[in-house]
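Notes follow once the structure below has been shown.
What follows draws every value from the coordinates through simple rules; no lab data is involved. Just so you know, these numbers come straight off a predicted model, no measurement behind them. Every residue, glycine among them, receives a Cβ derived from its backbone with ideal geometry; neighbour counts consider all protein chains shown.
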Amino acid sequence: MKRIRREPAPALPLVVLLSSEAVPFSKTGGLADVAGALPIALRKAGFDVVLVTPRYGSVDPAKFRLAKRLKPMSVPLGAKSYDVDTFEGKVGDARVFLIDYPPAFAREGLYRDASGDFADNAFRFALFSRSLFELCLTFDLRPAILHANDWQAALALYYLKREFAAHPLFASTRGVFTIHNLAYQGLFPPAVLEELGVGWDLFKPEGIEFWGKVNFLKAGVLFADAVTTVSERYAAEIQTKEFGCGLEGLLQARAGVLSGIVNGIDADVWNPRTDKLIPATYSEVSMTGKGKCKLALQGELGLARDPDVPLIGMISRLADQKGFDLVEAAADWMMAEGVQVAVLGTGEAVHEAAARALAARYPGRFSATIGFNDGLAHRIEAGTDMFMMPSRYEPCGLNQLYSLRYGTVPIVRATGGLDDTVDDVDELGRSGTGFKFHDATGEALLGAVQRAVRAYSDAAVWRGIVRRGMARDFTWGTSAERYARLYRGLMADALAARVAG
Ligand code: ADP
């Protein structure tokens, strides 16, 4: 019998994703959800993927089946070198490397503790970003794309272009920088520059200086070959004075390489048909489970058990961005509409106190859980009828996407990703998936809540809104395809540059 010689499969192009937090290892916000899900979606889109993230104190290697790699790395940063270890594991079928340097990362918080931001954050995340290159050299990883996320990973693009541009392993590597929230820029005193190994020549307004400080995020925007943010609307908004956080000029200058790609959701983790964290599963064809989830949630949170009262959820960092002050302003009128409210959140002390005060004022009708609780977040998505996001700005927002999937109708301010992903219900309730308002005021929020309550009172109208929302597809496939297209374009540029050079 003739033997068929098989050619080895051609290697897939490698994307190295750099993120300071990633589900299931660590999370403070939406970035972690994206970093945990995108690698899996990119594998399906035809890329080899390596995710690189720090190993914080809370990451137990045994729990996540992480193997300590025996090759230690010496990572140079400024005039010093640091002995850094790595753990290796998997998310889905993508490889993950966790950068292990306990003096920097073995702490409870990711970026801060109760007394504020860690004083050495510039060093911690520069070391993280710089470690990537030793990691690639040690494990022979040849990235076609280095995709850095947010200010914590931004310096990797500086190191790529300034230190490694001519290195054979990185000569064809193209850099992508994604802004998940422009308000967090990583600002530090200029004295940190030497410790980071970043040249003083960059300390000028056209470089990474920002009003006398070093701005990490600027390094990402300046040195990336392509800059993305997490919705099309936000990509346009950040080029304006209102949303540009002082960087609108730079972002306008980079408009040619700036685009918006909306986040997807992890369809396995957030799926009412299979969710193990909710008391009863359901789908658009059989919604009885949702009613059970509502009664169970009312019981769990000490709200009056009533299947008919409109129950509004909110899960949020209680930061000014998220507009909890609008809820505070509208609360009394809102409660006069006869609704119940379930808030889960943690953040600024004033908003936490206000949430507690509302719960005390409206026992059995307004519940406030202060803390971070993933299980309860799922139960609120499943057990509420409506979901409030009165954000002042919102790069993408994930909870409105989870809400749509869980048949929970979003009430959102028309900004950023909220505006892109929710369609306003028309007057007769025949089209649309949620309720939008424009002004950042309690009155405007109240107006949207009143419209929602009116629609809720008509069972047929409400069912239509819920069904349309559940039918929308915000899973990662489409968005991963858009990243894939962007990467392929950059790889073609790199190839053309090699041929020309
Ligand atoms: P951001 O990243 O600005 O905080 P997103 O809506 O993009 O906002 O993502 C927030 C993520 O964090 C969602 O997955 C949300 O469910 C989760 N989350 C926020 N606060 C809490 C909390 N207190 N408990 C549990 N999950 C939370």
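Summary of computed values
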quantity: Estimated distance in nm for a label pair at T28 and R454, the labels positioned 7 Å out from Cα along Cα-to-Cβ; calculated: 4.2 nm
quantity: Cα centre as origin, Lys/Arg/Asp/Glu Cβ charges: the chain dipole, Debye; calculated: 1840 debye
quantity: Hydrodynamic radius by Kirkwood, which averages 1/r over all alpha carbon pairs of segment 129-271, in angstrom; calculated: 15.9 Å
quantity: Computed label-point distance, nm, for sites T240 and E328 using a 7 Å Cα→Cβ extension; calculated: 2.6 nm
quantity: Mean shadow area of the chain over all directions, Cα convex hull, nm²; calculated: 27.4 nm²
quantity: Computed FRET value (nearest 0.05) for L495 with R162, which takes r as the C-beta separation and R₀ as 25 Å; calculated: 0.65
quantity: Relative packing of peptides 229-239, 265-275 - highest average C-beta neighbours within 10 Å first; calculated: 229-239, 265-275
quantity: Three principal axis lengths of segment 55-98 [C-alpha, angstrom, descending]; calculated: 38, 21, 17
quantity: Globularity ratio of segment 187-246, using Cα Rg and 2.2 N^0.38 Å; calculated: 1.25
quantity: Relative contact order %, the chain, counting alpha carbon pairs below 8 Å whose residues are six or more apart; calculated: 12 percent
quantity: Whole-Hz couplings from phi, Karplus 6.51/-1.76/1.60, listed for segment 364-375; x for Gly and Pro; calculated: x, 10, 10, 10, 10, 10, 9, x, 10, 8, 5, x
quantity: Estimated FRET transfer efficiency (V257, E108; beta-carbon r; R0 35 Å; 0.05); calculated: 0.40
quantity: Residues D320 and W211, FRET efficiency given R0 of 30 Å [Cβ-Cβ distance, rounded to 0.05]; calculated: 0.90
quantity: Sorted by Cβ density within 10 Å, fewest first, the residues W200, W333; calculated: W200, W333
quantity: Relative packing of peptides 391-398, 105-112 - highest average C-beta neighbours within 10 Å first; calculated: 391-398, 105-112
quantity: Paramagnetic reach from M335 in segment 351-377 [backbone N under 12 Å; point 7 Å along Cα→Cβ]; calculated: 355-368
quantity: Length gained when the stretch A304-D424 is fully extended (0.36 nm per residue, less Cα-Cα span); calculated: 40.2 nm
quantity: DSSP-defined antiparallel bridges as percent of all bridges, the chain, nearest 5; calculated: 30 percent
quantity: Candidate lysines for bridging to K218, where Cα separation is under 25 Å - those fewer than 8 sequence places away on the same chain excluded; calculated: K27, K80, K161, K204, K241, K322
quantity: Normalised per residue, the volume of the convex hull around the Cα set of segment 360-481 (Å³); calculated: 129 Å³
quantity: Distance between modelled label sites at D117 and K80, nm, 7 Å Cα→Cβ extension; calculated: 2.0 nm
